[in-house]
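This report refers to the structure that appears directly beneath it.
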Amino acid sequence: MIFDVDSETLPREELQALQLRRLQVTVERCYETVRFYREAMDELEIKPRHIQSLEDVKLLPYTKKEQLRDNYPFGMFAVPTDQVIRVHASSGTSGKPIVVGYTRRDIFHWSHLVARSLSAAGLRPGDRLHNAYGYGLFTGGLGLHYGAETLGVMAVPMSSGQTQRQIMLLSDFEATALSCTPSYALNIAEEAESLGIDLRKLPLRVGLFGAEPWSDEMRYELESRLHIDALDIYGLTEMMGPGVGIECLEGKHGLHLWEDHFLIECVDVDTGEPLPYGEQGEIAITSLTKEAFPLLRFRTRDISVLDAAPCKCGRTHVRMRRVSGRSDDMLIIRGVNVFPTQVEAILMRTETLSPFYQIEVAREGFMDSMVINVEASPPLYAKGQEFMDRVSAKVQKDLKDFIGVSCRVQIHPTGTIERSMGKAVRVIDHRKTASNK
């Protein structure tokens, strides 16, 4: 079943014509109502009338997170605050949070796009969604909640934390779908196993996992431990929240991005120049229907590849490969670019290791060092230190061959690495701490 057949299967030519009309309206709105955009466009000597084709989007200024923080709290709103019926915000861990506003129409669109996404994941009216994303200013919880209700799915607003209670309610309420971060889903699976509860016997059939980059190896781990289809759902606070895109069940070959509401570009990380389909770069998104908080060419920092090839499911919207990392999460170790997901992929191919890990980076003299802390599976730990040393040496060689950087792999007992209730902390970069002293 396709939730919105007319929109989701539009021929490319009609879809692009719709995008152009909506882009022109959005640019006009931004120029007339948002001081930041008016000044940025005037500096580039660009007026709304100059946008005559989709390719003309490259004439527009980029929007970056720093500029959104500089306009905290409501400086980027395109409507008076008395028309804003809800706000959400980023965590603000690196300064002031980014505040996003929604009109009533924005909430309507958001709810329907999440419903569209849930439908692509195989959910139907009568299904039961156990929603373990955080509720509150974070967009994940309420975004999935409203989308589920719009589709006619029972929403269980559990939020994150209280893992044993999560397991009880998953079982007692007979949930058919689970939504949370992939790292927290792994935490739930581990806790259930320690309690002697086999989640594979529950009616669960699909997991909607996002909010952090994760590898295909993590997908296989979750699917085997939970006996589900593990799907990637994509969204970001600045653009709307969850529901910007999702994988469908047809082979899981990329996330459908809802192009009738978003204009998607892939651009060179360093130069900002647009890249053709098939080349890896940073994803930039322009909103096409948002009223309260429209954004032009927002640099998401997500690194991926766009694919316009038709999908077996019949949807015509462009697909995005799984996000391989974020430009701000990328580690540069002795001149080599390293993403945590690359490390994760190698660790999870090693059956004797647990999927819980953390990367520590430091500077020793004039050289960077990287230590991978990972837990042993109980059978590996029972074999003793000598056997763990052999596994460690093998993984170190695999990492060197795969990412081109030497590192140390330290294997720890089960349960020693902190578990995540939401987004996992994968990297501790002591170089940043040292530079701030």
Restricted to segment 134-155 and to residues being open to solvent by less than 40 Å² (accessible area, probe 1.4 Å) and under 15 Å from VAL206 (Cα atoms), the residue nearest to the chain's Cα centre (by Cα) is LEU144
Here the residues within segment 369-394 that are under 32 Å from the mean Cα position of the chain (by Cα) and of a type in the set (Asp, Glu) are GLU375
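For THR181, state whether it is open to solvent by less than 50 Å² (accessible area, probe 1.4 Å), of a type in the set (S, T, N, Q), under 22 Å from the mean Cα position of the chain (by Cα) and modelled with pLDDT under 95.
Values: open to solvent by less than 50 Å² (accessible area, probe 1.4 Å): yes; of a type in the set (S, T, N, Q): yes; under 22 Å from the mean Cα position of the chain (by Cα): yes; modelled with pLDDT under 95: yes.
In short, yes.
Quick one: which residue in VAL87, VAL114 is buried (at least 20 other Cβ atoms within 10 Å of the Cβ), among the aliphatic types (A, V, I, L, M) and either in contact with a helix residue (DSSP H, G or I) (Cβ under 8 Å, 6 or more places away or on another chain) or within 14 Å of GLU238 (Cα to Cα) (or both)?
Details: VAL87 fails: buried (at least 20 other Cβ atoms within 10 Å of the Cβ).
Just one listed residue meets the conditions, VAL114.
Among the residues of segment 104-142 satisfying the criterion of being in contact (Cβ under 8 Å) with a residue 40 or more places away in the chain and among the aromatic types (Phe, Trp, Tyr), which is nearest to ASP6 (Cα to Cα)?
Of the residues in segment 104-142, the ones in contact (Cβ under 8 Å) with a residue 40 or more places away in the chain are 105-106, 109-110, 112-124, 127-134, 137-140, 142.
Those left that are additionally among the aromatic types (Phe, Trp, Tyr): 110, 133, 138.
Working: TRP110: 18, TYR133: 30, PHE138: 31 Å.
The residue in question is TRP110.
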Across segment 331-381, the tally of residues that are of a type outside the set (Asp, Glu), on the phi < 0 side of the Ramachandran plot and touching a residue at least 40 places away in the same chain (Cβ under 8 Å) stands at 27
GLU279 vs (1) crowded, with 16+ Cβ neighbours inside 10 Å; (2) of a type in the set (Asp, Glu); (3) out of contact with any Lys or Arg (no Cβ under 7 Å at 6 or more places or on another chain): all pass except (1)
Checklist entry - Does segment 244-252 contain any residue that is touching a Cys at 6+ places or on another chain (Cβ under 7 Å), of a type in the set (A, V, I, L, M, F, W, C) and buried (at least 21 other Cβ atoms within 10 Å of the Cβ)? => result yes
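For residues that are open to solvent by less than 40 Å² (accessible area, probe 1.4 Å) and farther than 17 Å from GLU190 by Cβ, tally how many sit in segment 376-397.
Residues flagged as open to solvent by less than 40 Å² (accessible area, probe 1.4 Å) and farther than 17 Å from GLU190 by Cβ within segment 376-397 amount to 5.
The values are calculated or read from the model by the stated rules, or taken from the named source; none is laboratory data. Note that the coordinates shown come from a computational prediction; the quantities given were computed from them, not determined experimentally. Neighbour counts are summed over all protein chains in view; Cβ atoms, including those assigned to glycine, are modelled from backbone coordinates with ideal geometry. Heads up: the accessible areas ignore ligands, DNA and RNA and are worked out on the full protein's heavy atoms, side chains in. Shrake-Rupley method; radii C 1.70, N 1.55, O 1.52, S 1.80 Å.
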